[in-house]
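Remarks on the structure that follows.
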Amino acid sequence: MTRVVLADDAVLLRTGLRRVLEAEGFEVAAEAGDAEALLRAVDAYTPELAIVDIRMPPTWTTEGVRAAAAVRRRHPRVGVLLLSQHIERREALAVLEHRGAGGVGYLLKDRVCDIDAFVAQVRRVAAGGTAIDPLVVAQVLRRPAAASGIAVLSAREREILARMAEGRSNAGVAAELHLAERTVETHVRSIFTKLGLHEEPDTNRRVLAVLTHLSAA
């Protein structure tokens, strides 16, 4: 049974999520109303997944994102699914930048209304996968070249990008595809160029490239 910790200051939403998840066979080990309580619960129960509201007390800004990053540092195998009322580009990028062994996700709260789709995305993140809301992807990929998708990439570049989306480093991609790391680095630079990702630091460009891959999935 997949163990989950819920973190949201809205009691009604937490109660609704608990009922949905338990009806689908998940074990909700704990609920938290703020970031500190979330970290204590994750330390105590080591769940497969933490579902976290981006905005929590005391400032209702980015406490959830910072708490999610702390969860990943302390428990790299715990998946983190962030929920947000609004699309926030910086937070969307932060989700994938903190990707570790566990899955990552960023969904708008409206998606919870489609229970079947929401549960499928929860299962994906709990299993180590990625779930990014399509509206978030569309907002983040504001560059015309990136928004056009991955059709501009060669077959090898798409293969490398798929591994990047799974969280692999250049060295990890090279080992899996039996390529020299320098060759992978050359392909990654080509991917950035073809997708029009010129202005961001390398970490953000990598995240944006992954989001482009996800938008075409």
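The values are calculated or read from the model by the stated rules, or taken from the named source; none is laboratory data. The structure displayed is predicted, hence computed values, not measured ones. FYI the Cβ positions are ideal-geometry reconstructions off the backbone, even for glycines, and counts take in every protein chain you see.
Selection of first residues in the range 112-138 that are closer than 15 Å to L81 by Cβ and hydrophobic (A, V, I, L, M, F, W, C) and of second residues that are modelled with pLDDT of 90 or more and assigned to a loop (DSSP other than H, G, I, E, B), restricted to Cβ pairs under 7 Å at least 6 apart or on distinct chains, gives the following pairs, ordered by first then second residue: V119/E24; A126/T2; A126/E48.
Taking the range 25-132 and the helices (runs of 4 or more DSSP H) fully enclosed by it, the elements with 3 or more residues that are modelled with pLDDT of 85 or more and either surrounded by 14 or more Cβ atoms within 10 Å (Cβ to Cβ) or of a type in the set (S, T, Y) (or both) are at 35-45, 63-74, 115-126. Residues that are within 21 Å of the chain's Cα centre (by Cα) and either of a type in the set (A, V, I, L, M) or not assigned by TED's automatic domain parsing to the domain that holds R72 (or both) within the range 21-52 comprise L21, V28, A32, A35, L38, L39, A41, V42, L49, A50, I51, V52, listed in sequence order.
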